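Asker: Okay, here's the structure, questions in a sec.
FYI, it's all coordinate maths here, none of it is from the lab. Fair warning: this is a prediction, and the values are worked out from it, not measured in the lab. Positions of Cβ are generated from backbone atoms using ideal geometry, with glycine treated the same way; all protein chains shown enter the neighbour counts.
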Number of protein chains: 2
Amino acid sequence: MKSGNGGCLHCSHQLCAKRVPIFSALEEKELSQVVDLILRRQYEKGEMILLEGAELDSLIIVNHGMVKAFRYTEEGKEQILYLFSEGDFFGEKNLLSRGEATYNAEALERTHVCMIRNEDFQELLRDYPEISLKIIRELSARLDRLEGALQSMGTKNAEARLSAVLLEFAGKYGTSHPEGIQFDLPFSREGIANYIGAARETVSRRLNRLQEEGIIDMIGNKKIIIKDKNALKL
Amino acid sequence: MKSGNGGCLHCSHQLCAKRVPIFSALEEKELSQVVDLILRRQYEKGEMILLEGAELDSLIIVNHGMVKAFRYTEEGKEQILYLFSEGDFFGEKNLLSRGEATYNAEALERTHVCMIRNEDFQELLRDYPEISLKIIRELSARLDRLEGALQSMGTKNAEARLSAVLLEFAGKYGTSHPEGIQFDLPFSREGIANYIGAARETVSRRLNRLQEEGIIDMIGNKKIIIKDKNALKL
DNA sequence: CGCCGTTTTGAAGACAGTCAAGATGCGTGG
DNA sequence: CCACGCATCTTGACTGTCTTCAAAACGGCG
């Protein structure tokens, strides 16, 4: 799966590494060094990229596509922790210490990833300390999101959590539309449920209620138009 | 509040900085450089160290004592996000970009902190890149805990979340005892409730139930002895 | 067009939240 | 050292929200 110089399937030459925020501080030449360290892989929709408990010795960067990161409880309930898309990375936990993955990662659509071996990446960090700063910044942002999610889970009801997640998706994937903000849900009802910690039936019911109240419009099962953004903000 | 060379109230000379994991990679001489940048403060039990929304331009390191970090919802419900003790730091979010605190921090007992201005700390990072690695490691650990907490909140009932938090405290503060592991609860019932996302009455009830079942023993309101660790692990 | 997976809808039941009252315990001051 | 008073914790009854189970409707895809 290793690609030499011209082997990137998706992007011309090394430009793909440039799209990754953590490398954005690097010069062209430096980038090409990085590119040589990269292993590329492609996953189809539904394929597992990473299994909880598996040895992981690489940092994985999403180049194109979408990935859900999640854990199972003993009873088989799934909790989605992250939704990664272009430019996001994961597997950073074992960057320094050897260890096992703490969550599963599954491609939600055809997904291209770049992988860099921990040892190689550690060298990069030594050579380019700015990358460390980028990572700190990104981890901080991730903590921010988790802190918000934790607060939601601990203090808000299902409807409020659903509203919050609709706003999250709108912010990330939304495009302008005459009636409001439009976007495609990245998950099925069950996925949304597992993201906000609710039952899928609850998600259905609440979503319909929001539509009845005129706050959102649903087109099919995936498309959402947020007509009254402020009503969701409560 | 700035202290010169010998002004540390609590520890002799610069040794206090040594207790802080993120500086553990530094040599004696380097440490003394760090110490010169440090502002020290002491807070009494109940005092606020940081208010959500306030400008924050320093990294804060807990030298001695205990700090709870929490947020309020619009309805006034409190969600505790972290429990910081000796060696932990916070305020790292604005290390690189100027910004406001995203949570409140309150001293749970008499607490000594060290503060380092962001600008100074950024220089430290430049001079000693290993500090960045320490921070990445710590942020990863923090993500780990939040991921676990989020999973608990999303998929488990109040009793399971309470059990998990008892084990967490036991691991952090527990000492061996003939009947099991003993420790003091860092929070009141209400605090525990706000940590696990439950009502204080629920915490009371579940705690009593665990005692009735012989899994734990409570001595007064603060002391807990975990008699059957495995029973809590479900 | 028909099938299968997903979504919706309904009804029942459980868990946890709220409100209210009483008990306990701790710190203070006499 | 005891007694008082306030804060915290416990207990009980009730309510509401969400989950669960079951069945019907929908929708996408071969």
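Asker: Extending each Cα 7 Å along its Cβ direction at B:ASP217 and B:LEU39, get the distance between those two points in nm, one decimal.
Answerer: The answer from the label model is 4.8 nm.
Asker: Tell me the label-point distance for the pair A:GLU109, B:LEU96, using the 7 Å Cα-to-Cβ offset, in nm and rounded to one decimal.
Answerer: 2.7 nm
Asker: Starting from region B:172-234, pick out the trypsin sites (Lys or Arg not before Pro) whose DSSP state is loop and whose Cβ has at most 14 other Cβ atoms within 10 Å.
Answerer: B:LYS222, B:LYS233
Asker: Taking a quarter of the surface of the Cα convex hull of region A:79-234, what do you get in nm²?
Answerer: Its Cα hull, projected and averaged over all orientations, spans 10.8 nm².
Asker: With each run of n ≥ 4 DSSP H residues scored as -39500 (n - 2.57), what mean residue ellipticity at 222 nm is computed for chain B after dividing by its residue count and rounding to the nearest 500 deg cm²/dmol? All intermediate terms of the calculation are to be shown ahead of the outcome.
Answerer: Values: 8 runs with 92 residues, N = 234.
Helix contribution divided over all residues of chain B: -12000 deg cm²/dmol.
Asker: Would you mind listing the distances between the A:LYS229 label point and the same position in each other copy? Use 7 Å along Cα-to-C-beta, nm, one decimal, shortest first.
Answerer: In nanometres, ordered from closest: 5.1.
Asker: Now a separate question. Calculate how large, on average over all directions, the projected area of the Cα convex hull of the protein assembly as shown is; give the answer in nm² to one decimal.
Answerer: 24.6 nm²
Asker: Suppose you put the label 7 Å out from Cα in the Cβ direction; list, shortest first and in nm with one decimal, how far B:GLN211 is from each other copy's label.
Answerer: List, nearest first: 5.1 nm.
Asker: Once the Cα atoms of helix A:200-212 and of chain A are each reduced to a long axis, what angle between those two axes, in degrees from 0 to 90 to the nearest 10, is obtained?
Answerer: Value to nearest ten degrees: 60.
Asker: Got a sec? Charge dipole of the protein assembly as shown, +1 on Cβ for Lys and Arg, -1 for Asp and Glu; which of B:SER176, B:PHE89, A:LEU95 is way out at the positive end?
Answerer: So the residue we want is B:SER176.
Asker: Sorted from largest to smallest, which semi-axis lengths in Å does the alpha carbon gyration tensor of region A:157-232 give for its equivalent ellipsoid, taking the root of 5 times each eigenvalue?
Answerer: Numbers: eigenvalues 65, 33, 25 Å².
Each semi-axis is the square root of five times an eigenvalue, giving 18, 13, 11 Å.
Asker: Using 29 Å as the Cα-Cα cut-off, could you pick out the over-long pairs in B:LYS45/B:LYS93; B:LYS18/B:LYS77; A:LYS18/A:LYS156?
Answerer: The pairs that break the limit, which is 29 Å between Cα atoms, are B:LYS18/B:LYS77; A:LYS18/A:LYS156.
Asker: Evaluate Rg over Rh across region A:15-153, taking Cα atoms for both radii and Kirkwood's formula for Rh.
Answerer: Radius of gyration over Kirkwood radius for region A:15-153 works out to 0.96.
Asker: Taking a virtual spin label 7 Å from the Cα of B:ASN230 along the C-beta vector, which residues in region B:166-192 bring their backbone nitrogen under 20 Å of it?
Answerer: Those under the cut-off are B:166-168, B:170-171, B:176-182.
Asker: What size of dipole, in debye to the nearest 20, comes out for chain B about its Cα centre when the only charges are +1 on Lys and Arg C-beta atoms and -1 on Asp and Glu C-beta atoms?
Answerer: Working: 32 positive and 36 negative charges, 118 e Å.
Here the size comes out at about 560 debye.
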